[in-house]
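Below is one structure, written out as structure tokens, with a few remarks after it.
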Amino acid sequence: MKHFITVKLSKDNQRKYTVASFIVWILIWEISAKKIGEPIFLPSPILVFNSLLELSTTKEFYQSIIFSFCNISFGCIIGILFGILLAILAHKNVIIEYMFRPLMIIIKSIPVVSFIILILLWVSSNSLSVLISFLMVVPIIYTNVLIGIKSTNVKLIEMTKVFNVSKLHVIKYIYIFEVYPFFKSAVSVALGLSFKSGIAAELIGLPKNSIGENLYNAKIYLETANLFAWSIVIILLCIMFEKVFLIIINKLIKGLKR
């Protein structure tokens, strides 16, 4: 029987390995770009970086980032809050759980593009990314939070009833801490998906001064370096939003422990 040893790295080593792997992939990218020798198919990292610098000198660059980030992050936050609320209601009432189950399955199953085209019939392209990011977040948050609530230690809940612990204290000191790991993992998945879906919505709806519109223009005019540059912007925005959001949530959770 084989035994696998899991090596736990320190934070410093984790950073070193992350930076090293990042450098390796940049080198692979650079070598591949030189091998192909056609920037229109695969621009080099330096060319992409120069394009990013060039874009950052324009007013439209920041307008597009603000528009897309605000729309998608707003849809995310509303989706997270709605998903949590729905999970609480579903836990309280089994009828609500069974009523929303088919809807969650449908949202998870239908391709994002189908939703984008359908919603575009009802709303303007400016609001499209808000609704799409909202729809992508809700099922993930709802499912994970509901599982977290159901996984809460039943004996602890029964004990609080015996000692007449107030509902507020039960929520504050038991439910929140039991559900948080499920919520945290759901947020990590949901935010990435919502940003990808939100940008995809902009690519189809083409709202003015959006990242999606810039990606579309870069593709139409075969500006591959710009296409890569905007893709890097999307990745950075997604990582930044996730990090900041989780830092705020972690601080709130630590505040509850006091």
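Every number here is computed from the coordinates shown, using simple stated rules; none is lab data. The model shown is predicted, which means the values in this text are computed figures rather than measured ones. So basically every Cβ, Gly included, is an ideal-geometry build from the backbone, and we count neighbours across all protein chains shown.
A few remarks follow.
- Calculated mean residue ellipticity at 222 nm for the chain: -27500 deg cm²/dmol, from DSSP H runs with n ≥ 4 weighted as -39500 (n - 2.57), summed, divided by the residue count and rounded to 500.
- Between helix 59-92 and the chain there is an angle of about 20 degrees, using the helix long axis and the longest principal axis of the Cα atoms.
- Here the chain is assigned +1 on the Cβ of each Lys and Arg and -1 on the Cβ of each Asp and Glu. Its dipole about the Cα centre then comes out at about 1320 debye.
- Look at the alpha carbon pairs under 8 Å that are at least 6 residues apart: their mean separation over the length of region 167-258 gives a relative contact order of 28 percent.
- Counting only alpha carbon atoms, the long axis of helix 125-150 and the longest principal axis of the chain meet at about 40°.
- For region 216-258, the orientation-averaged shadow of the C-alpha convex hull comes to 3.0 nm² (one quarter of the hull surface).
- Peptides ranked, highest mean first, by Cβ atoms within 10 Å: ranges 37-47, 73-83, 87-97: 73-83, 87-97, 37-47
- Across the options V154, A225, I95, the greatest Cα extent toward the positive end of the charge dipole of region 47-257 (unit charges at beta carbon of Lys, Arg, Asp, Glu) belongs to V154.
- Expected-Rg normalisation [2.2 N^0.38 Å, Cα atoms] applied to region 79-134: 1.31
- Compactness check for the chain: Cα Rg over 2.2 N^0.38 Å is 1.23.
- Take each peptide in 157-163, 171-177, count the other Cβ atoms within 10 Å of every residue, and average; sorted highest first, the result is 171-177, 157-163.
- Relative contact order, percent, region 47-257 [alpha-carbon distance under 8 Å, six or more residues apart]: 29 percent
- Principal-axis tilt of helix 11-36 within the chain, Cα atoms, nearest 10 degrees: 30 degrees
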